[in-house]
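The values are calculated or read from the model by the stated rules, or taken from the named source; none is laboratory data. This one's a predicted model, so the numbers in the text were calculated from it and none came from an experiment. Quick reminder, even Gly has a Cβ in these numbers, built from the backbone with ideal geometry, and neighbours come from all protein chains shown. Heavy atoms of the whole protein, side chains included, go into the accessibility calculation; ligands, DNA and RNA do not. Shrake-Rupley method; radii C 1.70, N 1.55, O 1.52, S 1.80 Å.
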Amino acid sequence: MSRLFVYLIPVFVIAVFMVMAHFERRVAHDPTHRGFFDRNGTVLGIAFIALVAFWTLFLVVLPYLYMVQESFHPKLVAAERGGPKDILTLEQYRSFFIQPTDGEVNTTHLWAFFFSLAASAAVTVLNFAICYPLAYYMAQAGSVQKVRLLMLALIVPYWVNEILRAFSLRLLLASKGLINQVLMGLGLTDAPVDFLGNNVGLYVGLSYAYLLVMMFPLYNAVESLDKNQIEAARDLGAPWWRIHKDVVIPYAKPGIASGCTMVFMLSAGSLAAPQFLGGPKTLWFTSIVYDFFFQAFNWPRGAAYAFLLLAGCIALVMLMLRVFKVSLGETIR
Amino acid sequence: MSADVELDRVTVRFGQFTAVKEASLKIAGGEFFSFLGPSGCGKTTILRTVSGFLDPSEGAVRIAGKDMIGIGANKRPTALIFQNLALFPLMTVAENITYGLRVRGMNKADRRKRADELLHLIALPGQGDKLVSELSGGQKQRVAIARALAVEPQVLLLDEPLSALDLKLRQHMRNELRAIQQRVGITFIYITHDQGEALTMSDRIAVMNNGVIEQVGDGKAVYDEPRTSFVASFVGENNPFAGRVAKADRTGAVVETPFGLLRGRNPNGVKEGDKAILFVRPEALRVGEGPKDATVTSTVLNVAFEGNASHIFLKGADKKDITLTVGRLERVEIPEQGSTASVTYNPDLGLVLPEGKLARE
């Protein structure tokens, strides 16, 4: 049954693309506009469609579909696959809420799930707080040379690979690290502060990792704002914070939404930074997913958990877009 | 309430470049005052120093006698209307108009009332809930005026606000602006490169060139009694005849031009041997022979009919045509293209000024 479904997908995808190619000419308002096949010829046209369709199919659609169907199966050894035990089941999803072993509520995983989402939201807010003033300065206030220098200073650190960045942060924040030594040397604290155990390292590392992802949408959004709008608000008596609240932020809202969405999604799905920089008691949800795939070899449960994470993220993002009255279309402008 | 504005030796430099050089003048309260000049002459810079977006490098700006240096744009009793209007696109018309009041903490009901009053003033009643993008160019223009007037400024600054409108609307808005100014009675400072706008609306005009105020006066003075060659050539059409002064006294001067000796008044007192330019307006010239020192003879290049008037172009010196305007109802024989014609003028309407830079065509 599910196999037939898999075979039908290519046919379906190609059909969709053919229809899109057919209607493409109607979208263009120019009456002399020629259709897709008129422009490219039948052979090339079909070749283009087939190539794009297979790209979409093999790199986008099929892998996810495979994971979806995997998540609805029990964990089986290879010999039992396709046998009588291979049934469609919700047990992998259920196991997220209720432990399959003892029937207790699965507090560990539920906590990891909500902690990951909440921490990612915190990282998003932190990143916005750092990037907004920078983006505003670069887009509206700074001189060309200073902006270039700043841009370089923002980009160059990204040449350093993630592992190196994570571990050097660890060294800085460790209990005998530079920051603690300075703090104790200044007499600000007697005992070293446990930055890593308190997840300070995690927040710093994640914020740093996705700084540019926030920076560029914000910069683009603020940059296209007419300077006269800012001056008009000032001329009408607005203090600086009102100018931002009433003029700049509403204008840049799609860019802010886009940057926040990306930072949030990437943080919630990140693996390296939480593992290297998280405290010993911190369990990031992606680590659980990773362990199911590579430690427990329980692909169905790993897949189910990954989709739960995806669903949770999407739900939260949609909710936030709703709260801040941004349409999804605006964020990808 | 209106306030007078005083510029006291205001100089503005951007690096090496001097945008405004020692501008000094006093604008009376309730006056409609225009700065007129070609683009890049420094008029917008002056406007920005009055509004508070720029501090002068030297000199002082005083509004109602109070020194404005160090007082930000949001604290000055001025309101600025931008060239591109800079209405807030995400706010409704009423929100735009009352933004300045909201910033000042006025409550919603009072704002609504004020918005309605202002919408009446600009003849857009009941349009407060529209978005700015739903308005036409002229309507946007009026919303921008209302937004600036809402904060009850003592001085309204206008930075070429009509330049984006089409010709008919522009002429209509000229009258409307003048009417609004007379109704609200506050000082208007108007920036324009369009001499027609400046002449029709202003009480007084400052003509600027290269960062320097060349002349200040009412429209008639600037048009009839220009004091420099630049003003004579920039304000209205003018025919320049350059040469050396052959004879000069208090009442008049004779200039040795490529068309012979020509006479005009001598208000600036040019002296014999000075380089000078004689200016004669196109409407001061007429076809025919006159006194020898007020007659120019040349080839007719072209005749253009423009409805209420005809323009005759004669071959001039330095590839510059001599223009002559003949009213529709004047009974003159218009010379044919290619023929040689003489034109003459009343020497009292010719003006001899010291040589100086002319406005670019």
From the options A:Leu152, A:Leu134, residue that is exposed (fewer than 12 other Cβ atoms within 10 Å of the Cβ), more than 20 Å from A:Ala268 (Cα to Cα) and modelled with pLDDT of 90 or more: A:Leu152
What's the number of the only condition in (1) over 30 Å from the mean Cα position of the chain (by Cα); (2) within 14 Å of chain A (Cβ to nearest Cβ) that B:Ile145 fails to meet? (1)
Top-ranked residue in region A:237-276 [being open to solvent by less than 50 Å² (accessible area, probe 1.4 Å) and of a type in the set (Val, Ile, Thr); ranked as nearest to A:Ala122 (Cα to Cα)]: A:Val263
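In the set A:Phe276, A:Phe292, which member is closer than 17 Å to A:Asn106 by Cα and either not in a helix (DSSP H, G or I) or not basic (Lys, Arg) (or both)?
Values: A:Phe276 fails: closer than 17 Å to A:Asn106 by Cα.
Of A:Phe276, A:Phe292, the one residue that is closer than 17 Å to A:Asn106 by Cα and either not in a helix (DSSP H, G or I) or not basic (Lys, Arg) (or both) is A:Phe292.
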Selected residue (only one of B:Leu199, B:Leu157 is not in a helix (DSSP H, G or I) and not charged (D, E, K, R)): B:Leu157
Could you look through region B:85-98, keep only residues that are assigned to a loop (DSSP other than H, G, I, E, B) and closer than 14 Å to B:Arg147 by Cβ, and pick out the one that is nearest to the other protein chains (Cβ to nearest Cβ)? B:Ala86
For region A:136-146, state whether one or more residues are among the aromatic types (Phe, Trp, Tyr) and touching a helix residue (DSSP H, G or I) at 6+ places or on another chain (Cβ under 7 Å). yes
Selection from region A:122-169 of residues that are among the charged types (D, E, K, R) and without any contact (Cβ under 8 Å) to a residue 24 or more places away in the chain: A:Lys146, A:Arg148
So in region B:169-202, with the set limited to residues that are charged (D, E, K, R) and open to solvent by 30 Å² or more (accessible area, probe 1.4 Å), which one is nearest to B:Leu149 (Cα to Cα)? B:Arg183
Residues being more than 14 Å from chain A (Cβ to nearest Cβ), on the phi < 0 side of the Ramachandran plot and in a loop (DSSP other than H, G, I, E, B): count how many of those fall in region B:38-84. 7
Would you mind finding the one in A:Val263, A:Val193 that is at pLDDT 90 or above and away from chain B (no Cβ under 14 Å)? A:Val263
If A:Leu309 meets every condition in (1) surrounded by fewer than 17 Cβ atoms within 10 Å (Cβ to Cβ); (2) part of a helix (DSSP H, G or I) apart from one, which number is that one? (1)
With the structure loaded, tell me whether B:Leu101 is closer than 18 Å to A:Leu236 by Cβ and more than 14 Å from chain A (Cβ to nearest Cβ) or whether it fails that test. no
Inspect all residues belonging to region A:213-221 and state whether any of them is in a helix (DSSP H, G or I), within 14 Å of chain B (Cβ to nearest Cβ) and either more than 30 Å from B:Ala86 (Cα to Cα) or within 22 Å of the chain's Cα centre (by Cα) (or both). yes
Working only within region A:278-306, note down all residues that are under 21 Å from A:Ser207 (Cα atoms) and either open to solvent by 20 Å² or more (accessible area, probe 1.4 Å) or within 17 Å of the chain's Cα centre (by Cα) (or both). A:Pro280, A:Lys281, A:Thr282, A:Leu283, A:Trp284, A:Phe285, A:Thr286, A:Ser287
Can we say B:Val207 is more than 17 Å from B:Leu36 (Cα to Cα), buried (at least 19 other Cβ atoms within 10 Å of the Cβ) and at pLDDT 90 or above? no
Looking at (1) within 14 Å of chain B (Cβ to nearest Cβ); (2) out of contact with any helix residue (DSSP H, G or I) (no Cβ under 8 Å at 6 or more places or on another chain); (3) open to solvent by 70 Å² or more (accessible area, probe 1.4 Å); (4) among the charged types (D, E, K, R), which one does A:Arg234 not meet, given that it meets all the others? (2)
Residues satisfying the stated conditions in region A:201-228, i.e. among the hydrophobic types (A, V, I, L, M, F, W, C) and open to solvent by 50 Å² or more (accessible area, probe 1.4 Å): A:Val204, A:Phe216
Given the conditions (1) surrounded by 13 or more Cβ atoms within 10 Å (Cβ to Cβ); (2) within 20 Å of the chain's Cα centre (by Cα), every one holds for A:Phe114 apart from (1)
